[in-house]
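K.L.:
Before I ask anything, here is the structure I am working with.
The values are calculated or read from the model by the stated rules, or taken from the named source; none is laboratory data. Please read these numbers as outputs of a predicted model, since none were measured by experiment. Positions of Cβ are backbone-derived with ideal geometry, glycine not excepted, and every protein chain shown enters the neighbour counts.
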Ligand SMILES: C[S@@+](CC[C@H](N)C(=O)[O-])C[C@H]1O[C@@H](n2cnc3c(N)ncnc32)[C@H](O)[C@@H]1O
């Protein structure tokens, strides 16, 4: 039997990228993650992977290869999704400049590990803002010098069978041929296809779906008034807005409902909080649940997320993840060139 191609997932979070690679037939042999809660989510779902629970800046490629019994050049894919706060357009709450700079430099740890492990291919994913940064130009140039052919673009996950609009910068690099992205779908998948038939939370035994939510009477009344299936606060007119919203003219998505027959908006770390975006269920008078958010991110139905630190921490893991379906499709495209002979 042909051996599965092997991959390492850097900044693995709760494992969205790993799940996509696994579905594309890769064997993820190693992963790195600094955050304890993300590590426990990862372990719950990907027990067999060697997980380094540590700061990537302290980890050497030699140590990783030794632990995984790999020689330079043997790894098929080094995949990485470094934290992206510094390049995000939503950057106001993200700490001091020094902290942001340190995070932004983590892209060079991907390069450092690529230099030492010499994988056949590299996959990098990030927020679109990274494309404008000098660090990204330097990163690409260095990869080219290492002998990789590169394809990169800003893609929308809805074009790749994810029922969610989410714009991401994706870079594929290969030493075996020019990488190609997966083909785009001709029809979007929708919120309805992914969450309509789910048992309602109050009758569900899934802890990610059935949990108590407390809301003030005022908010409860506001939610009930938002028209079903894609409605916004705009439909209520100015007088009926909460006082704090009357001044927030730019934030019409806040307390909006998702539409059944479209992809959802970007699932962020705030996705179970209706005051953070268009996160109300299309019909029910509540925000989407953690399970619904995970399904819109295309995680499998039984994927586990720990609730030890509360539901907002779990929502952050879900919102930070790469949709597995998106990664699966591009990883399959990459596999196709990696297994074809070099011209
Ligand atoms: C965008 S998230 C990754 C999402 C993940 N690829 C997925 O699909 O679920 C970035 C991750 O990098 C981790 N991280 C940040 N700084 C790190 C460091 N210095 N070393 C290792 N991991 C780090 C964060 O804790 C976070 O989980």
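K.L.:
Any residue at all in segment 53-76 that's closer than 16 Å to residue 334 by Cα and touching a helix residue (DSSP H, G or I) at 6+ places or on another chain (Cβ under 6 Å)?
P.N.:
yes
K.L.:
Is it true that residue 172 is crowded, with 20+ Cβ neighbours inside 10 Å and either touching a residue at least 24 places away in the same chain (Cβ under 8 Å) or assigned to a helix (DSSP H, G or I) (or both)?
P.N.:
yes
K.L.:
Out of everything in segment 306-315 that is surrounded by fewer than 23 Cβ atoms within 10 Å (Cβ to Cβ) and either in a helix (DSSP H, G or I) or within 18 Å of the chain's Cα centre (by Cα) (or both), what residue ends up being farthest from the ligand (Cβ to nearest atom)?
P.N.:
311
K.L.:
Which members of segment 196-212 meet the condition of being under 25 Å from residue 263 (Cβ atoms) and exposed (fewer than 10 other Cβ atoms within 10 Å of the Cβ)?
P.N.:
197
K.L.:
Then there's this: State whether one or more residues within segment 270-290 are in a helix (DSSP H, G or I), under 16 Å from the mean Cα position of the chain (by Cα), buried (at least 22 other Cβ atoms within 10 Å of the Cβ) and not assigned by TED's automatic domain parsing to the domain that holds residue 22.
P.N.:
yes
K.L.:
Considering only residues that are under 23 Å from residue 328 (Cα atoms) and not in a helix (DSSP H, G or I), which ones fall in segment 119-138?
P.N.:
119, 120, 121, 122, 123, 124, 125, 126, 127
K.L.:
Right, here's the next one. Just to be sure I understand the filter: pairs with C-beta atoms under 8 Å, separated by 6 or more residues or on different chains, first member in segment 46-61 and more than 20 Å from residue 27 (Cβ to Cβ), second member in a helix (DSSP H, G or I) and near the ligand (Cβ under 8 Å from one of its atoms). Which pairs pass?
P.N.:
As it stands, the answer is 56/109; 57/109, since those pairs meet every condition given.
K.L.:
Kindly indicate whether any position in segment 227-238 is touching a residue at least 40 places away in the same chain (Cβ under 8 Å) and in contact with a helix residue (DSSP H, G or I) (Cβ under 9 Å, 6 or more places away or on another chain).
P.N.:
no
Results for (1) at pLDDT 95 or above; (2) near the ligand (Cβ under 8 Å from one of its atoms); (3) part of a loop (DSSP other than H, G, I, E, B); (4) closer than 17 Å to residue 122 by Cα, shown as yes or no for each residue.
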site: 7; (1), (2), (3), (4): yes, no, no, yes
site: 25; (1), (2), (3), (4): yes, no, yes, yes
site: 30; (1), (2), (3), (4): yes, no, no, yes
site: 34; (1), (2), (3), (4): yes, yes, yes, no
site: 54; (1), (2), (3), (4): yes, yes, yes, no
site: 82; (1), (2), (3), (4): yes, yes, yes, yes
site: 89; (1), (2), (3), (4): no, no, yes, no
site: 92; (1), (2), (3), (4): no, no, yes, no
